[in-house]
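Have a look at the structure below before the remarks.
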Amino acid sequence: MHRVLSSLLSLPIRLPQKPADLTLRACARSRALTSEAADGGSDKRGPSKQRTPVVLSEEDIEEKHVRGWGNGGQKVNKTNSCVQLLHRPTGTVVICQDTRYLQQNRKIARKRLIEKLDLLANGSESKIGVKITKLQARKHKQRQRSKKKYAAESAKDPGNGSEPAGAE
């Protein structure tokens with residue numbers, strides 16, 4: 001899970017020059033729901049943030065099939081099974097060569113592009129943003145537990161580890 005998130009985040013993201021260039025299409029129904037939530041809605045907790053669904057149109061995507069690289073030997077290096085997608089409105093680029101089959105790489109690359117655009121449009125409310133915040137919270141909790149554990153151990157045995165190895 002963490003490996004997948006880190007690989008998604010390591011891929012290049014080009015942000016648009018002007019905010020007007022960011023043209024992600026949302027469904028008309030979701031816009032209506034978002035405007036109702038912004039007006040206050042009927043929820044007691046106040047207005048809730050609605051995620052804007054990302055709709056990918058084929059006219060906005062530029063697809064290239066390039067030669068692979070890395071492990072896999074001669075077969076990977078000879079075939080054009082690596083897929084590179086460019087989302088023209090945002091300039092977001094996704095590269096996928098997870099499998100040796102072009103069609104599977106096309107599907108995976110489109111999924112990753114949608115996830116990246118979701119992260120770009122919705123920020124911490126996106127699926128990846130929620131996963132990242134959960135991972136960060138888990139790591140923070142582990143760090144706090146570790147600090148508490150070792151603080152208790154050093155309080156029990158103050159002479160252990162406080163002096164240099166050669167000093168007596």
| said: Along the Cα→Cβ direction, 7 angstrom out, place labels at K147 and K107. What is the inter-label distance in nm? | reply: 4.6 nm
| said: At 1.4 Å probe size, with the rest of the protein present, what percent of the exposed accessible area of segment 50-164 is carbon and sulfur atoms? | reply: 50 percent
| message | So with the 1.4 Å probe, I'd like the accessible area per residue for segment 45-140, rounded to whole Å². | response | 62 Å²
| Fully extended, how many nm does the chain gain between T79 and S57 (0.36 nm per residue separation, minus their Cα-Cα distance)? | 5.2 nm
| said: Suppose we look only past 17 Å in the calculated P(r) of segment 49-159. What percent of the Cα-Cα pairs does that tail hold? | reply: 67 percent
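The values are calculated or read from the model by the stated rules, or taken from the named source; none is laboratory data. Model, not experiment: these values are computed from the prediction. Cβ sites come from the backbone with ideal geometry, for glycine too, and all protein chains shown count toward neighbours. Remember, those area values only see protein heavy atoms, side chains included, never the ligands or the DNA or RNA. Shrake-Rupley method; radii C 1.70, N 1.55, O 1.52, S 1.80 Å.
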